[in-house]
2 protein chains.
Amino acid sequence: MFFEGSEKKAEVLIDANNINLLTDVDNSFWAKLVNCCHAQILSTIENSYCKAFVLSESSLFVWQDRFLILTCGETHLINSVEYFITHYGREIITHIIYQRKNEYFAQAQPSCFGDDIKVLAKFVDGKAYRFGELDSHHTYMFHQTNDFKADANDKTYELLAYQISKKASEILTQKHLSKEEVRRFLCIDELLPEFTIDDFVFDPYGYSMNAIKGKDYFTIHVTPQENSSYVSFESSLNLVELAPKIVDILKPASFDLLSFNEADFESLCSNNIPSDYVSNVLASTMLDNHYLVHFANFILPQTQFTSPIELDVSGENHAL
Amino acid sequence: MFFEGSEKKAEVLIDANNINLLTDVDNSFWAKLVNCCHAQILSTIENSYCKAFVLSESSLFVWQDRFLILTCGETHLINSVEYFITHYGREIITHIIYQRKNEYFAQAQPSCFGDDIKVLAKFVDGKAYRFGELDSHHTYMFHQTNDFKADANDKTYELLAYQISKKASEILTQKHLSKEEVRRFLCIDELLPEFTIDDFVFDPYGYSMNAIKGKDYFTIHVTPQENSSYVSFESSLNLVELAPKIVDILKPASFDLLSFNEADFESLCSNNIPSDYVSNVLASTMLDNHYLVHFANFILPQTQFTSPIELDVSGENHAL
């Protein structure tokens, strides 16, 4: 069965002089905010810098002065953002960034990026971009236009892997798979030494993990089923440097890298992207908010003709 | 402004002992059939084998024992197929093939492939396939399962070019562009000597052309606007052999080739695809109806980072 792994993502920064999101906001508020997009909180971990919630569809991270929410499937994330703005007022917000990866079953979504940014435009001025061409992997990004200027050291990375190997898909879709088995397969201990980890195995498939250590965060979401497989990684750790390890584990036919404020993105790619992959998309810009954004898609050129996927004629559209 | 160039396509074969589609069916019937999917007939040419109609959204070709209809934009093509079946009865139909390329603004479509094949399944048994991965170029294909076996000499080719060069896009989006200028730019005289040609330049952009010669047909549909450009070619002529010429004219960042019954597809690609392109998708199968189908997507690897496309925050969703 098809599941839309592609994530919508919102990051909202606030003036911590007004409110401290860690100490002044109850978990019941975050539960309501998450419910607004038709997701639920499944579990929570925290340290003195960060609270991390595993959701029924992806993750929510809360720091003192900002929150980051990623949701997949058919969630209506913009509703959660609107809930926050209307509850606390736009005055306390110092910056909003809203992102959306292209979907593969867009007709099932409750809104498109254009609809979403019209909601944001009711509250804040902003600019919007598409990184990558329409007929290829692309990501949409909206950011508020105001006085906010990002700190050059505020770095974030995403690695989105598509069409993982048949073997990886088989391992990750095994019945009664345990968290420990997934962690072992993904080499979590090696990737994330000393992180506090919170993870969840979904029925019949799927795996979500949040990890925090000090101010650092790392999140993984796995949609493992063959023919529509997708594994996303997002972190403050450098995922371009970790790409060789991740790509070796999953052997995806295609993957995206996205970074905020990684000035060495190009040379890091030259040094770290396995040489059998070629660049399909390369886009970058310095946004007005001083986030330097790079987006790239890499593909493994095909050499063999494969059989098409047979579809169920009488079945669920989502199998398409 | 975004326009969905991606085509839906239906081919319906009938028993010509019952009815001759050229002589027994009035153009008023075809006009009604075309209206069913919310398109209109703009003009017609014919010879003793074939009638070809340029439509407001693509083309209709009628031969004695079959018709082929391609429609783009937000047309609801399956309604036209259903109109034909209910008007003439499924008894006269010897075979149906229904195809749909992945769209780039799927949420604006009146139906998805899954919806469409449920309509067909009311009338005929069939099988359905997806050629290519979800996160890349892919095409959906349904075919009726019955006694019909295709003639190995019944060959058809499609070439679908995406993200044509900036220069090609500029030329094809010029104001007051004439048919002659488009024909010259696309080297129609060289590609199609001795063909009867019928073409149409749309306002503000776009170009459609039908060409026939004996039983052969050739059709071109141009969506030229930068950032969502698309040019489709479909013909009984060998478009793999013509690919070097077409690719040289348009210099697309990516293109698909699809063929029916081209046994030499692989070697033709080796000999004709310009060496700067790499294979992103390769899928093939011999369908139960004895059509040997090949589908391939080629991309031009990127070497330079480009700027993202800035979107109109307050504007039309279709600009996304």
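The values are calculated or read from the model by the stated rules, or taken from the named source; none is laboratory data. It should be emphasised that the depicted structure is a prediction, and the values quoted were computed from it without experimental measurement. Cβ placement follows ideal geometry from the backbone for every residue including glycine, while neighbour counts extend to all protein chains displayed.
Restricted to segment A:125-179, and to residues there that are facing another protein chain (nearest Cβ under 8 Å), touching a residue at least 24 places away in the same chain (Cβ under 8 Å) and touching a helix residue (DSSP H, G or I) at 6+ places or on another chain (Cβ under 8 Å), the residue that is surrounded by the most Cβ atoms within 10 Å (Cβ to Cβ) is A:Tyr140.
Within the bounds of segment B:183-195, is there any residue that is out of contact with any helix residue (DSSP H, G or I) (no Cβ under 9 Å at 6 or more places or on another chain), of a type in the set (Val, Ile, Thr) and either surrounded by 18 or more Cβ atoms within 10 Å (Cβ to Cβ) or within 23 Å of B:Tyr104 (Cβ to Cβ) (or both)? Steps first, answer last, please.
Here is the first cut: in segment B:183-195, the ones out of contact with any helix residue (DSSP H, G or I) (no Cβ under 9 Å at 6 or more places or on another chain) are B:184, B:192-194.
The next check asks that each one be of a type in the set (Val, Ile, Thr); those that pass are none.
For segment B:183-195, residues out of contact with any helix residue (DSSP H, G or I) (no Cβ under 9 Å at 6 or more places or on another chain), of a type in the set (Val, Ile, Thr) and either surrounded by 18 or more Cβ atoms within 10 Å (Cβ to Cβ) or within 23 Å of B:Tyr104 (Cβ to Cβ) (or both): absent.
Is it the case that segment B:149-164 has a residue that's under 22 Å from A:Asp312 (Cβ atoms) and within 18 Å of the chain's Cα centre (by Cα)? The answer is no; no qualifying residue exists.
Does A:Glu46 meet the test of being of a type outside the set (Lys, Arg), in contact (Cβ under 8 Å) with a residue 40 or more places away in the chain, over 20 Å from A:Asp125 (Cβ atoms) and within 14 Å of chain B (Cβ to nearest Cβ)? No: the conditions fail for A:Glu46. Here is the figure for segment A:206-255: residues that are under 23 Å from A:Ser267 (Cα atoms), surrounded by fewer than 24 Cβ atoms within 10 Å (Cβ to Cβ) and acidic (Asp, Glu) total 2. Scanning segment A:243-254 for residues that are part of a helix (DSSP H, G or I) and out of contact with any helix residue (DSSP H, G or I) (no Cβ under 6 Å at 6 or more places or on another chain), we see that the one that is nearest to A:Val54 (Cα to Cα) is A:Ile246.
The set of residues from segment B:275-302 being more than 7 Å from every other protein chain (Cβ to nearest Cβ) and farther than 25 Å from B:Gly126 by Cα comprises B:Ser275, B:Asp276, B:Tyr277, B:Asn297, B:Phe298, B:Leu300. Would you confirm whether or not segment B:219-242 contains a residue that is modelled with pLDDT of 95 or more, touching a Lys or Arg at 6+ places or on another chain (Cβ under 6 Å) and outside any strand (DSSP E or B)? The answer is no; no qualifying residue exists.
Of all the residues in segment B:100-116, those that are of a type in the set (Asp, Glu) and not in a helix (DSSP H, G or I) number 1. Of all the criteria given as (1) within 14 Å of chain B (Cβ to nearest Cβ); (2) part of a strand (DSSP E or B); (3) over 24 Å from A:Glu103 (Cβ atoms), the one not satisfied by A:Ile212 is (1).
Figure legend. Inter-residue proximity from segment A:104-124: first residues more than 8 Å from chain B (Cβ to nearest Cβ) and under 13 Å from A:Ile85 (Cβ atoms), second residues surrounded by fewer than 16 Cβ atoms within 10 Å (Cβ to Cβ) and of a type outside the set (Gly, Ala, Ser), beta-carbon distance below 9 Å, spacing 6+ or different chains. Indicated pairs: A:Phe123/A:Thr86; A:Phe123/A:Arg90; A:Val124/A:Arg90; A:Val124/A:Thr145; A:Val124/A:Asn146. With respect to the conditions (1) within 14 Å of chain B (Cβ to nearest Cβ); (2) within 28 Å of B:Phe298 (Cβ to Cβ), A:Ala263 falls short on a single one, namely (2).
Here is a check on your reading of the model: is A:Ile96 β-branched (Val, Ile, Thr), closer than 30 Å to B:Gly132 by Cα and touching a residue at least 24 places away in the same chain (Cβ under 8 Å)? Judged against the criteria, A:Ile96 is not a match.
The residue pairs whose first member lies in segment A:199-211 and is more than 14 Å from A:Gln40 (Cβ to Cβ) and in contact (Cβ under 8 Å) with a residue 40 or more places away in the chain, whose second member is surrounded by 22 or more Cβ atoms within 10 Å (Cβ to Cβ) and of a type in the set (Gly, Ala, Ser), and whose beta carbons are closer than 6 Å, counting only pairs six or more residues apart or on different chains, are A:Asn210/A:Ala52; A:Asn210/A:Ser59. Only strands (runs of 3 or more DSSP E) whose full extent lies in segment B:30-80 are considered here, and the ones with at least 3 residues that are in contact with a Leu (Cβ under 7 Å, 6 or more places away or on another chain) are B:50-55, B:58-63, B:66-71. Restricting B:Asn18, B:Asn35, B:Asn27 to those that are within 27 Å of B:Tyr291 (Cα to Cα) and surrounded by fewer than 22 Cβ atoms within 10 Å (Cβ to Cβ) reduces the list to B:Asn18. Only one of (1) part of a loop (DSSP other than H, G, I, E, B); (2) within 19 Å of B:Gly5 (Cβ to Cβ) fails for B:Ala168. Which number is that? All conditions pass for B:Ala168, except number (1). Here the condition is being at pLDDT 95 or above and assigned to a loop (DSSP other than H, G, I, E, B); of B:Glu180, B:Glu194, it holds for B:Glu194 alone. Only one of the numbered conditions (1) of a type in the set (D, E, K, R); (2) buried (at least 18 other Cβ atoms within 10 Å of the Cβ); (3) out of contact with any strand residue (DSSP E or B) (no Cβ under 7 Å at 6 or more places or on another chain) is not met by B:Asp116, and that is (3). Scanning segment B:307-317 for residues that are at the interface with another protein chain (Cβ under 7 Å from one of its Cβ atoms) and farther than 30 Å from B:Phe131 by Cα, we see that the one that is surrounded by the most Cβ atoms within 10 Å (Cβ to Cβ) is B:Leu311. Taking B:Ile85, is it crowded, with 17+ Cβ neighbours inside 10 Å, β-branched (Val, Ile, Thr) and in a helix (DSSP H, G or I)? Criteria met by B:Ile85.
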